[in-house]
Amino acid sequence: MTVSDVPSAVESLLECESERRSRGRITEEWSGLDLPTAYTVQSELVGAKVLRQGDSVIGTKLGLTSEAKQRRMGISSPLTAVLLKSYVLEPGALLPLDRLIQPRVEPELVFVMRKKLQGPDVTAAEVLDAIGSVHAGFEVIDSRYHDYSFALPDVVADNASSALFVVGELGVPAANIDLVAEHVTISKNGEFVYEATGAAVQGNPAHALALAVNELAQRGQYINAGELVLTGGMTDAVPIGPGDTISAVFSSLGSLSLTATT
């Protein structure tokens, strides 16, 4: 499919996901895919899943929360994407590789919101006051582009490589956890891979969410009470294949483990 407008971009990305195949960058075919247009594609993509598949929106995801990645992409605040009910993977469930193309796993701090957050001018302190609980999480990303090669509008259009996520059962009030110092260690098949703290997420996950909420306000959007927020990868994403197990140990939020089907 040649991509030259919003509907064709949506259909191409949906086809890649359903057929479990990747494609080249949309921006190489359609010069008109700038960032505002990419968010329109993302919105239409989500709308198609809700309408055609009976899915529902349950939250927001932050992407590119690493300052190094932001510099490479030429932005200064996180991009945002939409979390759908179909993305939820229960703790202990096997990762279904037959739904995915090139999955990778990254550890995240997950917020369950108790208050609505609407910009502009939301601060990190207001974010902290709006959080109901903080949880450990895994996000499974799965780009619809060859080898995760994309420009910023490409990844925004693709709903920021969203695929699946796991939220840990232990929830801690925001007042009882130091989001910046929260530490995580990641291992793959028992071998250490990465470690990081919440400081890796824009210096402070609450600050990252404040920036994102203020960006959402420019598009007339906000985060509702009761919604989930994935605040962004604390480490680089780890590829996962048949039979692999990715484990995370958080300093205050317990442990998570995710094993892929064979």
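The values are calculated or read from the model by the stated rules, or taken from the named source; none is laboratory data. It should be emphasised that the depicted structure is a prediction, and the values quoted were computed from it without experimental measurement. Please note: Cβ atoms are built from the backbone with ideal geometry, for glycine as well, and neighbour counts cover all protein chains shown.
Tabulated data
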quantity: Single residue of A157, A208, A175 found to be in contact with a helix residue (DSSP H, G or I) (Cβ under 7 Å, 6 or more places away or on another chain), touching a residue at least 40 places away in the same chain (Cβ under 8 Å) and of a type outside the set (V, I, T); calculated: A157
quantity: Test for E169: is it touching a strand residue (DSSP E or B) at 6+ places or on another chain (Cβ under 7 Å), under 24 Å from L89 (Cα atoms) and acidic (D, E); calculated: no
quantity: Residue in segment 203-211 that is within 27 Å of V6 (Cα to Cα) and at pLDDT 95 or above present; calculated: yes
quantity: Pick from segment 187-210, criterion within 13 Å of E106 (Cβ to Cβ) and either of a type in the set (S, T, N, Q) or within 18 Å of the chain's Cα centre (by Cα) (or both), ranking: surrounded by the fewest Cβ atoms within 10 Å (Cβ to Cβ); calculated: A196
quantity: Residue among V155, V122 that alone is of a type in the set (A, V, I, L, M, F, W, C), within 30 Å of R52 (Cα to Cα) and at pLDDT 95 or above; calculated: V155
quantity: Filtered residue count, segment 102-126, keeping only those that are closer than 30 Å to I246 by Cα and of a type outside the set (D, E, K, R); calculated: 9
quantity: Any hit, segment 184-191, residues being touching a Cys at 6+ places or on another chain (Cβ under 6 Å), of a type in the set (K, R), at negative phi and outside any helix (DSSP H, G or I); calculated: no
quantity: Segment 2-29 residues that are loosely packed, with under 14 Cβ neighbours inside 10 Å, paired with ones that are modelled with pLDDT under 95 (beta carbon under 7 Å, 6 or more apart); calculated: E15/M1
quantity: Strands (runs of 3 or more DSSP E) completely within segment 30-115 that count 3 or more residues being charged (D, E, K, R); calculated: 104-113
quantity: Cross-chain or 6+ apart pairs with Cβ under 8 Å, segment 113-128 first and more than 18 Å from I177 (Cα to Cα), then among the charged types (D, E, K, R); calculated: K115/D129; L117/E126; G119/E215
quantity: Considering residues of segment 219-262 that are assigned to a loop (DSSP other than H, G, I, E, B) and polar (S, T, N, Q) only, the residue nearest to L209 (Cα to Cα); calculated: T231
quantity: Residues located in segment 137-178, provided they are out of contact with any His (no Cβ under 9 Å at 6 or more places or on another chain) and part of a loop (DSSP other than H, G, I, E, B); calculated: D142, S143, R144, S149, F150, A151, D158, S162, A163, P173, I177, D178
quantity: Among (1) within 15 Å of the chain's Cα centre (by Cα); (2) within 24 Å of R114 (Cβ to Cβ), the one test that V238 misses; calculated: (2)
quantity: Residue count for segment 169-226, restricted to those that are β-branched (V, I, T) and closer than 14 Å to A130 by Cα; calculated: 3
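Residue-by-condition table, conditions (1) among the hydroxyl-bearing types (S, T, Y); (2) buried (at least 19 other Cβ atoms within 10 Å of the Cβ); (3) over 23 Å from A9 (Cα atoms):
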position	(1), (2), (3)
V134	no, yes, yes
Y145	yes, yes, no
S149	yes, no, no
V155	no, yes, no
S162	yes, yes, no
V167	no, yes, yes
L170	no, no, yes
A175	no, no, yes
